[in-house]
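**Student:** The following block contains the structure, expressed as C-alpha cells.
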Amino acid sequence: MPIKDHRIVITGVGLAAPNADNLKTYREKLLAGKSEITEVDLRYFGKAPAGICTFDETRYRKKKENKRGTRAGCLGVYCANEALVDAGLTVDHYGKSRIGVYVGLTEHGTVETENEVYNISQYDYNVDYWTHHHNPRTVLNNPAGEITMNLGITGPHYSIGAACAAGNASLIQGVQMMRLGEVDMALAGGISESTGSFGIFASFQAQGALGSAEDPRNACRPFDNSRDGIVVSEGACIYVLETLESALERGATIYAEIVGYAMNSDARDYVLPYHKRQTECMELALERAGMQPEDIDILNTHATGTKQGDIEECKAIRALFKNTKNTYINNTKSIIGHAMGAAGVLELAGNLPAFTDNLVHPTINVTDLDPECELDNLVTGDAVQLDAVNTILNNSFGMVGINSVIIVKKHQQTG
Amino acid sequence: MTRDAIKDLILEIIEDIDEDADFDTLESDKPLRDQLDLDSMDFLDIVMELRKRHKLQIPEEDYPELATLDSCVNYLDPLLKDA
C-alpha cells in the first residue's frame, strides 16, 4: 500500500462548546474570557460545576433519532454537518465511500449504562426492562457510526479511545489514514457526553480532583494557587481534513496545515502525569514538523486545574521553551472546562482563528499564580495581540499515561 | 380497557417514540411500518412500553400481531380487558 507524502489541511470546523455552537462565537467568547460553566444536579451525586452545550439538536436529524441514539451521537451529528457546511462540501464531493470518520472518546457507554441501571431499579432490577437500545448505544464506535448513518457515509468509521488525548489522537488518525490513501477526506475530532454520568464526577471527587467554586465560572483555575480540580464538560469538535492539493484545487478556505504530531506513553501511573514523557512528546512533534521550540507562536496547554497535573505540564514546557521569547502560552479549559475526548480538538479550534486575528486568547481565573506554574509569556486575564501567529502547538494528555501533541501551521496563500 | 382506549394507548406510545408521527392519514388495517417512520427497534419499544405500563410479556412469536393498529387492538383486547 503506497504511503503518500500528502500535506493535510483543516478546511472545516464544526463544534459545540459549553459557551458556543459555532467557531465565530466560540472565538469571541474565548477572547473575552467569557465562561458559561454552569451547575448541574446529578442523580445520586448532587450539584457540581459543569459545561453544558446548547445547540440546535434537530438541525440535522429528527428528535426521534436523537432519542434513539446517544448524546454523543447527537453532538457528533451536529458537528460533522456543521464542519461540512463550513468547508462548503457535501459528502458527494469525494464520494461517500472515500470519507473516513474518526472520533476520539475518553469513555463511552458510561452514561447509557448508568441510565439503564437506574431504569431497572424502578422495576426491582428485573432485567426484562433493560432496553434493547443498550448495545447499539454503547458499542464504542457509536458516535462515529451515528455520524455515518446520518450522512450516508460508507467509508470507514471508528472511535479512538485515548482518555483525554483522544481528540488529538483521532485527528492524527485522520491524517494517517489520508496519507495511507485509505480515504480522500476525513471527518476527525472528538466528543464528550461525560456530564451525563454521575460516576465520572464521583470518581474525580474521590480522587480529590473535582473543581469547585461558589460561582461555577470560577471553578476551573489552571495554574492558580487555589485550583482544586477538573470541571467536567460535554462538547464536540469535528474537523474536515483534506489534502492541500485537493483543497487548493477547489478553492477551499484553509484554516491550518497539520505539520507535526506525536503520541507516547508514560508507562508509569494510572492517573499521575509525567513531565519527561510530555517533553519527549512535544520534542517528537517538533522534530516531525521540522521545527525548533522558538518556531512556536502559541502553545495551548492541556492543564486541567489539578495540583499535580498543571505542575508536571509546566515542567515539561519549561524544559523545551524556557529560552523562547516569542512563544505565548494559554489555556482554554479555564473558560470551557474539560471536554474530555473533545478537549484537544475543541481547544485547538479555539486557537485556530489566531492565524487571522493574531490574538492569543487568555487563561482566566488566575489571580494568584502558583510559582510552580510560572511560565514566560503565560497569557492570563486579557487577550494578547501579536504581530503575527504562524504556528500553534496543542497539548492533550490523558489518564493511564497517554500524551499527544499536534502542531499546526498557518497556510500562506500564494498567487 | 376498551378497544378505543387500546387504540389510543398504541398511538400514544408511537407518539412517544416519534412525536412527528402523522396519524391523520393512518389506515388502521394497513401495516404501521408502511405508513409511519417505524422499524424493528421501534416495535421493540412498543413491546417494552406495554411491559412497563401494563406488565404485559409479549412473546416474540406474537410480535407480528402488532403489525397494524387493528391487529394490535385485536391482540391486546383480551390481555387488557381488566386493565
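**Student:** log10 I(q)/I(0), Debye, Cα-only the stretch B:21-83, no solvent, q = 0.18, 0.27 Å⁻¹?
**Tutor:** Once normalised to I(0) and log-transformed, intensities are -0.67, -1.31.
**Student:** I would also like to ask the following. Kindly provide the helix-only [θ] at 222 nm of the protein assembly as shown, computed as the sum of -39,500 (n - 2.57) over DSSP H runs of four or more divided by all residues, to the nearest 500 deg cm²/dmol?
**Tutor:** -10500 deg cm²/dmol
**Student:** Please compute, for peptide A:64-72, the average count of beta-carbon atoms on other protein chains lying within 10 Å of each residue's beta-carbon.
**Tutor:** 2
**Student:** Further question on the same structure: Translational diffusion coefficient of the stretch A:279-415 at 4 °C, 1.567 mPa s, Stokes-Einstein with Kirkwood Rh over Cα pairs, in µm²/s as a whole number.
**Tutor:** Approximately 86 µm²/s, per Stokes-Einstein.
**Student:** Looking only at A:V101, A:V231, A:V111, which one moves most when chain A is put into a Gaussian network model with springs between Cα atoms under 10 Å?
**Tutor:** Of A:V101, A:V231, A:V111, the most mobile in the Gaussian network model is A:V111.
**Student:** Another question, then. Rounded to whole Å, give me the distance from the Cα center of the stretch A:250-295 to that of the stretch A:119-162.
**Tutor:** 32
**Student:** Can I ask one more? What number, in percent, do you get for the relative contact order of the stretch A:60-159 if the mean sequence gap of Cα pairs under 8 Å and at least 6 apart is divided by its residue count?
**Tutor:** 41
**Student:** Further, regarding this structure: Give a quick list of chymotrypsin sites (Phe, Trp or Tyr not before Pro) in chain B that DSSP marks as loop, anything other than H, G, I, E or B, with at most 13 other Cβ atoms within 10 Å.
**Tutor:** Here the sparse-neighbourhood loop sites are B:F23.
**Student:** Tell me the angle of helix B:40-54 to the major Cα principal axis of chain B, expressed in degrees between 0 and 90 and rounded to the nearest ten.
**Tutor:** Helix B:40-54 sits at roughly 40 degrees to that axis.
**Student:** Angle, helix B:69-79 long axis vs. longest principal axis of chain B, Cα atoms, 0 to 90°, nearest 10?
**Tutor:** 10
**Student:** Please enumerate, by chain and number, the aspartates and glutamates with C-alpha under 16 Å from the C-alpha of A:K322, excluding those fewer than 8 residues away in the same chain.
**Tutor:** A:E280, A:E283, A:E294, A:D295, A:D297, A:E312, A:E313, A:E372, A:E374, A:D376
**Student:** In nanometres, what is the gap between the two model label sites at A:Q385 and B:E60, each 7 Å from Cα along Cα-to-Cβ?
**Tutor:** So the two model labels end up 7.0 nm from each other.
**Student:** Hand me the trypsin sites (Lys or Arg not before Pro) from the stretch A:29-89 located in a DSSP loop with no more than 12 other Cβ atoms within 10 Å, in residue order please.
**Tutor:** A:R43, A:R59
**Student:** Go ahead and run the numbers for FRET between B:S71 and A:T90, Cβ-Cβ distance against an R0 of 35 Å, rounding to 0.05.
**Tutor:** Once the sixth-power term is evaluated, E becomes 0.25.
**Student:** Using a Gaussian network model of chain A with C-alpha springs under 10 Å, which one of A:E287, A:E146, A:E193 is most mobile by mean-square fluctuation?
**Tutor:** Highest fluctuation of the listed residues: A:E287.
**Student:** Dividing the alpha-carbon Rg of the stretch A:8-249 by 2.2 N^0.38 Å yields what?
**Tutor:** 1.05
**Student:** A further question on this structure: Connecting C-alpha atoms closer than 10 Å in a GNM of chain B, tell me which of B:E49, B:E12, B:E60 has the biggest fluctuation.
**Tutor:** B:E60
**Student:** Over all distinct alpha-carbon pairs, what is the Kirkwood Rh of the protein assembly as shown in angstrom?
**Tutor:** Taking the inverse mean of 1/r over all distinct Cα pairs, the protein assembly as shown comes out at 23.9 Å.
**Student:** Also, quick follow-up: Could you name the lysines whose alpha carbon sits less than 30 Å from that of B:K30, not counting residues in the same chain fewer than 8 places away?
**Tutor:** Reachable lysines: A:K62, A:K63, A:K64, A:K67, B:K7, B:K52, B:K55, B:K81.
**Student:** Let me ask you something else. At a Cα cut-off below 21 Å, give the lysines reachable from A:K315, other chains included and same-chain residues fewer than 8 away excluded.
**Tutor:** Within the straight-line cut-off, A:K315 pairs with A:K276, A:K307, A:K325, A:K333.
**Student:** So, in nm, how far is label A:E245 from label B:D34 when the simple model puts each one 7 Å beyond its Cα toward the Cβ?
**Tutor:** Here the modelled spin labels are 5.2 nm apart.
No value in this document is a laboratory result; all are computed from the given coordinates. Just so we're clear, the structure is a prediction, and the values are computed from it rather than from any experiment. For neighbour counting, all protein chains shown are included, and Cβ atoms are generated from backbone atoms with ideal geometry for every residue, glycine included.
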